[in-house]
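The values are calculated or read from the model by the stated rules, or taken from the named source; none is laboratory data. None of these values were measured; they are calculated from a predicted model. Glycine gets a Cβ as well: all are built from the backbone with ideal geometry, and neighbour counts include every protein chain shown.
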Amino acid sequence: MASRPASTLPPQTLRLLRLAMLAGVLAVGAVLWFVAREQAPVLDAATAGAVQIGFYVVAHAALGAMLLLRKPFRAAGPAQRGMLFIAGHALGELPAVLGAVCILLLGTAVPFAVGLLVFLVAFLFFPLDEDPR
């Protein structure tokens, strides 16, 4: 059996990492949703519109960066693949966390749902080595 380079992470570790990231985002979103139900939105209408536009710009930028990172991920060797895997999932997590904050600021869960969708796209763009994709 060939030995792995020191910087290569096993697929079990990467699977656990991405599931922990998803669980953390879901937990933060749930807590902020329960807090936001008890209070009025923090921002006025004009500022809320600007925050929504900013969120969607960040979500599109993260999705674009994930698309750009997809090609090097496919061509990377085992040593770089784990690093790009983590970077891709961190890019996907960004809109989900920002969407969770938008629940508190705006009083709506739509940005959080969009952020979760972008995060789940990272699962498709950056599969584990043993995934059949």
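Among residues belonging to segment 8-34 that are out of contact with any Pro (no Cβ under 6 Å at 6 or more places or on another chain) and assigned to a loop (DSSP other than H, G, I, E, B), point out the one that is modelled with the highest pLDDT. My answer is P10. Contact annotation: residue pairs with Cβ atoms under 8 Å, 6 or more positions apart or on different chains, pairing a residue in segment 2-21 that is loosely packed, with under 12 Cβ neighbours inside 10 Å with a partner that is at pLDDT 80 or above and among the hydrophobic types (A, V, I, L, M, F, W, C), are S7/M83. Say whether the condition of being more than 14 Å from the chain's Cα centre (by Cα), of a type in the set (S, T, N, Q) and either under 23 Å from P127 (Cα atoms) or not in a helix (DSSP H, G or I) (or both) is met by at least one residue in segment 35-48. Yes - at least one qualifying residue is present in segment 35-48. Residue pairs whose Cβ atoms lie under 8 Å apart, sitting 6 or more positions apart in sequence or on different chains, and linking a residue in segment 71-82 that is under 13 Å from L128 (Cα atoms) and in contact (Cβ under 8 Å) with a residue 24 or more places away in the chain to a partner that is loosely packed, with under 15 Cβ neighbours inside 10 Å and among the polar types (S, T, N, Q), are G82/S7. Residues satisfying the criterion are present in segment 67-89 (criterion: out of contact with any Gly (no Cβ under 8 Å at 6 or more places or on another chain), more than 21 Å from M21 (Cβ to Cβ) and not in a helix (DSSP H, G or I)). In segment 70-91, of all residues being of a type in the set (A, V, I, L, M) and more than 19 Å from V25 (Cβ to Cβ), the one that is surrounded by the most Cβ atoms within 10 Å (Cβ to Cβ) corresponds to L84.
Residues checked against (1) modelled with pLDDT under 90; (2) of a type in the set (G, A, S); (3) within 10 Å of the chain's Cα centre (by Cα):
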residue	(1), (2), (3)
G64	no, yes, no
P78	yes, no, no
M83	yes, no, no
L104	yes, no, no
G107	yes, yes, no
L116	no, no, yes
A122	no, yes, yes
P132	yes, no, no
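Residues of segment 90-133 that are aromatic (F, W, Y) and either assigned to a helix (DSSP H, G or I) or under 30 Å from A40 (Cβ atoms) (or both): F112, F119, F123, F125.
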